[in-house]
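Notes for the one structure printed next.
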Amino acid sequence: MFAATAIFAVLVGSASASALSSFASLNERALMPDIASGCSTTGTASCGNTSAVSNLCCFESPGGLLLQTQFWDTNPSTGPSNSWTIHGLWPDKCDLTFSENCDPSRDYTGISSLLTAQGASSTLSFMNTFWKDINGDDETFWEHEWATHGTCMSTLETKCLPSGSPKGAEAVAFFQTVVKLFQTLPTFTWLSNQGITPSSSTTHTLASLTAAIRAESGFTPSFDCTGSTLNAATYYFHLKGSIIDGAFVQISAPESGTCPSTGIKYPLKTGSPVSTTSTTGTTTSTSTGGTGPTGTPGSLPAKATIVASSEGGLLSLGTWSTQTLATYTLTGTTSSFTMTSSKGNCGVSGGTFACGSGMSLTSFSAVASGSSLLLASGGSTAWSSDGTPSGSTAFAVFTGSSHAQDYTLSIVST
Ligand SMILES: *[C@@H]1O[C@H](CO)[C@@H](O)[C@H](O)[C@H]1NC(C)=O
């Protein structure tokens, strides 16, 4: 279901380490919304209400399932060769159906002028690089995305705006929010960090693409293909508050895309890479295509999340969950290291992995497997649990594969 959650507050700056977020931090100020919704961002997320909500200016409905869609266009290529591009932000209903073109009276034209006139020129400049129409008509594409999808957002209805807002202020807020959300979802960098880079020869399984994004972000997107060629990715969210300045709560994809399960091509783009100077300096990849993952499998990261091969990963108590993963501190070398979490020492006791103040440190090793580094206890990379986690249900993690669900655990540098 939809219970695995992480909140991307709309404020940029603490966004994921990525090329795009470093771009964002330069523009952080300018990307702040010009208008404020006045809505709380701590209440029930969209699609999570159990009775009718009356104020739809602060609760996105009926389009409470928000899809941030991205393109990987190679024929012809659009945008930088080392970034996916923005398609849009779509308000699907909670049951995955949707409405479009909800208010033709607000089908604004001249989006560039609108953004410039309302102080959003840095948003426009980002869009000029990253929100590209395949036929080269970006302006028409932006008008289409607003008219088709933006006008269906309840929290962007004109009556929800502060009094005195200029005409089109809600569309300006829409474009600002889409840009900010996209900047937290650096698909190219995430795939690259996991060793998946564009190539004219390699093919991928859908499972490997999905696992790569899950390892980097904690959530699965859906992927769309044209034939067997990767063309789009979609990230799914619920929203607390308004599209203007609410908190996007990510969920894993509740539907499949159109890619086949095997033989997926991820072709090279023509064109130039965007500059990817890192300001955060952790796992950011600065590859421009064709290079491998950042960390070498031989080195042990000092801080890592522990990601399960099937889904989810480890929380701070050492349990297996699909909720936001804990950061572990690793001390030693790949052949012998100890682990701690915010709860305390981690160790294996009686065949169970756990962390806490009462635990004694035990020694682990890390085993390279492809581009992954697998957690091993007593030399074995096999781990298992009695069930599959979902929502707030977590399971104890046992050494070996004798319990019902078995998996490996990857050490993913944070
Ligand atoms: C949630 O709120 C919306 C808007 O009021 C309403 O249409 C929907 O039926 C509510 N969902 C539930 C389960 O009550």
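The values are calculated or read from the model by the stated rules, or taken from the named source; none is laboratory data. Only a predicted model underlies this, so the values are computations on that prediction, with no experimental measurement involved. Every residue, glycine among them, receives a Cβ derived from its backbone with ideal geometry; neighbour counts consider all protein chains shown.
Each row is one residue, and each column tells you yes or no for (1) in a loop (DSSP other than H, G, I, E, B); (2) surrounded by fewer than 18 Cβ atoms within 10 Å (Cβ to Cβ); (3) among the aliphatic types (A, V, I, L, M).
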{"position": "347", "(1), (2), (3)": "no, no, no"}
{"position": "358", "(1), (2), (3)": "yes, yes, no"}
{"position": "361", "(1), (2), (3)": "yes, yes, yes"}
{"position": "368", "(1), (2), (3)": "no, yes, yes"}
{"position": "402", "(1), (2), (3)": "yes, yes, no"}
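Every condition in (1) more than 14 Å from the ligand (Cβ to nearest atom); (2) closer than 14 Å to residue 235 by Cα; (3) touching a His at 6+ places or on another chain (Cβ under 9 Å) is met by residue 91 except one, and the failing one is (1).
Residues in the range 220-231 that are hydrophobic (A, V, I, L, M, F, W, C) and surrounded by fewer than 21 Cβ atoms within 10 Å (Cβ to Cβ): 225 only.
For the range 104-119, does any single residue satisfy the condition of being without any contact (Cβ under 8 Å) to a residue 24 or more places away in the chain and either of a type in the set (Asp, Glu) or under 21 Å from residue 234 (Cα atoms) (or both)? Among the residues of the range 104-119, not one is without any contact (Cβ under 8 Å) to a residue 24 or more places away in the chain and either of a type in the set (Asp, Glu) or under 21 Å from residue 234 (Cα atoms) (or both), which makes the answer no.
Among the candidates 208, 222, 217, the residue that is modelled with pLDDT under 95 and assigned by TED's automatic domain parsing to the domain that holds residue 55 is uniquely 217.
Take the residues in the range 48-66 that are in contact (Cβ under 8 Å) with a residue 60 or more places away in the chain and more than 16 Å from residue 102 (Cβ to Cβ); name whichever of them is farthest from the ligand (Cβ to nearest atom). My answer is 58. Just one of the listed residues (123, 109, 116, 85) is in contact with a strand residue (DSSP E or B) (Cβ under 8 Å, 6 or more places away or on another chain), away from the ligand (no atom under 16 Å from the Cβ) and farther than 18 Å from residue 63 by Cβ, and it is 85. Checking each residue of the range 90-106 against the condition of being among the hydrophobic types (A, V, I, L, M, F, W, C) and surrounded by 20 or more Cβ atoms within 10 Å (Cβ to Cβ) gives at least one match. Screening the range 341-359 for residues that are over 16 Å from residue 329 (Cβ atoms) and modelled with pLDDT under 85 and picking the one that is farthest from the chain's Cα centre (by Cα) gives 350.
Can you tell me which residues in the range 149-167 are small (Gly, Ala, Ser) and surrounded by fewer than 13 Cβ atoms within 10 Å (Cβ to Cβ)?
Hits for the range 149-167 are 163, 164.
The residues listed here are 289, 257; of these, the one that is assigned to a loop (DSSP other than H, G, I, E, B) and at pLDDT below 95 is 289. Of 385, 413, all but one fail to be out of contact with any Gly (no Cβ under 9 Å at 6 or more places or on another chain) and in contact (Cβ under 8 Å) with a residue 60 or more places away in the chain; the exception is 385. Only residues that are surrounded by 21 or more Cβ atoms within 10 Å (Cβ to Cβ), over 19 Å from the mean Cα position of the chain (by Cα) and in a loop (DSSP other than H, G, I, E, B) were counted in the range 59-77, giving 2.
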